[in-house]
Every structure is written in structure tokens, then in C-alpha cells.
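I have placed the structure first, in the form of C-alpha cells, so that the comments after it can refer back to it.
The values are calculated or read from the model by the stated rules, or taken from the named source; none is laboratory data. Everything numeric here is computed off the predicted structure, so don't read it as measured data. Please note: Cβ atoms are built from the backbone with ideal geometry, for glycine as well, and neighbour counts cover all protein chains shown. To get the accessible areas, we keep the full protein, side chains included, count just its heavy atoms, and leave off ligands, DNA and RNA. Shrake-Rupley method; radii C 1.70, N 1.55, O 1.52, S 1.80 Å.
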Amino acid sequence: MTQLGYIAPEDLPSIELYMDQVTTFMDKYLSQNKRYEEDKTLTKTMINNYTKNNLLPPPEKKRYTKEHLILLIYLKNVVSINDIQIMLKPLIDHYFENPEAAHSLEEIYASLYKLEQRQHFRVENSIMKTFELSERDFPGADDQYIKNLNFLSLLGYDIYMKKIIDEMAAEQAKEQEQTNGKEKKIKEENKRKK
């Protein structure tokens, strides 16, 4: 199975980068995740769109920090733009360049990186078991089409179920953010009354 390209936390540059440097850096580490050779890992247009949609805070003096890069790595996952907005808004609001936050964005990314490394082997094992399961009912060599169909159907089902779970998690995050917003307004109103 193909190993996905990752950016280890220690490989994130400590210096700020200009847009061209960001796209070159991301391409260096994540180009093997492209589906087709002609696909782009990350383009200036993508970065600008993330900023316009408030998914990525704007750069300071056209330079992107390590925290910008971490958010871009999150954005490059296979999640819908709407789900990205829901999931990353609290991350940006509470952790982006916030020295008073309980955890730094770098700590959060390092944790995610370790989890993804472990998860890769679990997913690979799950796919191999799915393949073995798809071959059980039709052991004959002439049944290869049916085996492939079963395998693809099982993978499709797995993807569908994970998508449902992803949507549920995004909805919970949205509800939590709304609750947090309401609580914040109440606190602000109470401060004004005093």
C-alpha cells in the first residue's frame, strides 16, 4: 500500500515563508499524495481562497508562519470546504498565534501527526482484511470480477460510513461553537451590566 506523504512537526520551518516558498515546501512533502501527476499539491489560488473564506488567517507582510503551514496541512485533507470551516474555526479562534491558549497549534499538530502515523497501519490492516473478506465467497480464479466488485463495494461502504461519522462530528462541532458563542455573549452582557 502507498505511504502517504506527511510533514513531520520537526520538518516545519521556524522561519516565515513567502507564498512561493509555501507552495514549494508543501509540494516537497505532499506531492506523493496527488492522485494524478499533473495535479497540484497546493496553489497560490487555493491559499488565497482559503484566506478569502476565512479558513486561513491572512499572512503578515505577505509571510506565512509555522502556524499558517499547520492550518494548510489540515486544509489539504479530504474534507469538504464546509466541514473544514466548521472544524477549523474554533482552532483558529482559540489557538492561532495565541500564547495564552492551553495548547499551542504546534502541540496540536504534533499530536495529530503521531495519531495519523499510527492510524495508517490500522487502515492498511483494515483494507487487507476487507480484501480477504471479499475473496471468501468466490474462491475460484474465474470469479475475479465478482471478487473485485465485492472488494470495491465493501470499500465504498466503509467510505460512506466514515463520511456519515465525519458529518456527525462536524455537526457536533458546529453546535458546540454555537453554544460557546451564546455563552460568550451572556458573559459579555453580564460584564456590561456590572
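Points to keep in mind about this one:
- Candidate set: region 152-171, residues that are open to solvent by 90 Å² or more (accessible area, probe 1.4 Å) and within 17 Å of the chain's Cα centre (by Cα); chosen: the one farthest from ILE84 (Cα to Cα): ILE159
- Just one of the numbered conditions (1) surrounded by fewer than 14 Cβ atoms within 10 Å (Cβ to Cβ); (2) in a loop (DSSP other than H, G, I, E, B); (3) not polar (S, T, N, Q) is not true of ILE7: (1).
- Residues that are closer than 18 Å to TYR109 by Cα and among the hydrophobic types (A, V, I, L, M, F, W, C) within region 6-41 comprise ILE7, ALA8, LEU12, ILE15, VAL22, PHE25, MET26, LEU30, listed in sequence order.
- Those helices (runs of 4 or more DSSP H) of region 41-140 in which at least 3 residues are closer than 27 Å to LYS163 by Cβ, open to solvent by less than 30 Å² (accessible area, probe 1.4 Å) and out of contact with any His (no Cβ under 7 Å at 6 or more places or on another chain), considering only elements entirely within it, cover 66-75, 81-95, 105-136.
- Residue pairs whose Cβ atoms lie under 6 Å apart, sitting 6 or more positions apart in sequence or on different chains, and linking a residue in region 8-24 that is under 23 Å from ASP39 (Cβ atoms) to a partner that is among the acidic types (Asp, Glu) and not in a loop (DSSP other than H, G, I, E, B), do not occur here.
- For region 186-193, the count of residues that are in contact with a helix residue (DSSP H, G or I) (Cβ under 7 Å, 6 or more places away or on another chain) and of a type outside the set (Asp, Glu) is zero.
- Candidates GLU135, GLU116, GLU188: the one that is among the acidic types (Asp, Glu) and in contact (Cβ under 8 Å) with a residue 60 or more places away in the chain is GLU116.
- Residue that is farthest from the chain's Cα centre (by Cα), among those in region 54-72 that are closer than 16 Å to GLU10 by Cβ and at pLDDT 90 or above: LYS66
- Selection within region 10-24 - open to solvent by 30 Å² or more (accessible area, probe 1.4 Å), modelled with pLDDT under 95 and part of a helix (DSSP H, G or I): GLU10, ASP11, THR24
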